[in-house]
1. Kindly report, to the nearest 10 Å², the accessible surface of Ser68 as traced by a 1.4 Å probe over protein heavy atoms only.
2. Using a 1.4 Å probe on the protein heavy atoms, what percent of the accessible area of the chain belongs to carbon and sulfur?
3. Mind ranking 153-164, 187-198 by how tightly packed they are, going by the mean number of other C-beta atoms within 10 angstrom, highest first?
4. What spacing in nm lies between the two simple spin-label points modelled at Glu67 and Lys131, each 7 Å away from Cα in the Cβ direction?
5. Which whole-number value in Å² is the accessible area per residue of the chain, probe 1.4 Å?
6. Compare the Cα positions of Ala258, His196, Val79 along the charge dipole of the chain (+1 at Cβ of Lys, Arg; -1 at Cβ of Asp, Glu; about the Cα centre) and return the one farthest towards the positive end.
7. Going highest first, how would you order 54-62, 217-225 by mean Cβ packing within 10 Å?
8. Loop only per DSSP, at most 14 neighbouring Cβ atoms within 10 Å: give me the trypsin sites (Lys or Arg not before Pro) in region 221-296, ordered by residue number.
Amino acid sequence: MAFESLSDKLQNIFKGLKKKGKLTEKDVKDALREVKMALLEADVNFKVVKTFVKSVQERATGHEVLESLTPGQQVIKIVNEELIKLMGDSNNELTYNKDGITVFMMVGLQGAGKTTTSAKISGNIKKKGKKPLLVACDIYRPAAIKQLQVVGAQLDVPVFTMGDNHNPVNIAKAGIEYAKNNGNDVVIIDTAGRLHIDENMMGELIEIKESLKPQETLLVVDAMTGQDAVTVAETFNEKIGVDGVILTKLDGDTRGGAAISVRSVTDKPIKFVGMGEKLTDLEPFHPERMASRILG
Ligand code: GDP
């Protein structure tokens, strides 16, 4: 399960702090050095760790904390608050077009979980009484179209496809026309990913984005890939602009680094987290909950 080893380490550090009773500035500094190591080992981005530890240190070595009756507890409280701040506010709501069709464009590398997450989102939206349509624009990955059709059928969400012989921009446009004619109010575009970021993929995504002007461009990244996930998020955000990030595979044995770094590196909110392969395994992202999971 995600964060287990990070949580264990932090708990040990904090246990030591609490045991001491009264703390000196040096005690706090030593403990924070260990926190720093634990975060780095959990694959949290180096710059993020540095800033984080500095802010905690500034707040935790003041008189108010050190001379309080429970300085250890105070330090933990500060770590918790700073961790929440780092992962952002709870602005994870999707925005909808008030008049007309809402378009969500899903982007990300191949294997990140784009197709699965597109379906998961469509299922959530459907439960809210909306009428989603999934549009298959991943014409390169073998079986991507079929996969979308299968998951769409499981959720009873319609899937618009034109096979793999058309330009993705045209498919997306035709998908929106289809939605207009069939009473669908939310269109979710499953775009193509590659194994690595490349110019062609980015060019295609930019073209789709410019032509559709989606309400939300949602980047799907695999939390298991740690710092790479953060680099991917940074690059996608720079090149095509994203409105939110979805971190998948947080149910796996990830070290947690991506969850902690993505927000502060990209300044884009994490909107959802993928917690499994089932189509119901998608949760809104709550920084407070994530922080308490990390701190144990
Ligand atoms: P795409 O290439 O980005 O469209 O990726 P897919 O949607 O095909 O997902 C790749 C693999 O990751 C599939 O086997 C999915 O079942 C799996 N997957 C996606 N999201 C999650 C998640 O949140 N947790 C787990 N454990 N697996 C996931």
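1. 30 Å²
2. Numbers: 6840 of 13830 Å².
About 49 percent, which is the carbon plus sulfur part of the accessible surface.
3. 187-198, 153-164
4. Once both label points are built, they end up 6.8 nm from each other.
5. It amounts to 47 Å² per residue over the chain.
6. After comparing all options, I get Val79.
7. Highest mean packing first, the order is 217-225, 54-62.
8. Working: sites: Lys239, Lys249, Arg255, Arg263, Lys271, Lys278, Arg289, Arg293; in loops: Lys249, Arg255, Lys278.
For trypsin sites (Lys or Arg not before Pro) across region 221-296 that sit outside H, G, I, E and B with at most 14 neighbouring Cβ atoms in 10 Å, the list reads Lys278.
The values are calculated or read from the model by the stated rules, or taken from the named source; none is laboratory data. Since the structure is predicted, the reported quantities are computational estimates derived from the model, not experimental observations. All Cβ positions, even for glycine, are placed from backbone atoms using ideal geometry, and neighbour counts span all protein chains on display. Only protein heavy atoms, including side chains, enter the accessible area calculation; ligands, DNA and RNA are left aside. Shrake-Rupley method; radii C 1.70, N 1.55, O 1.52, S 1.80 Å.
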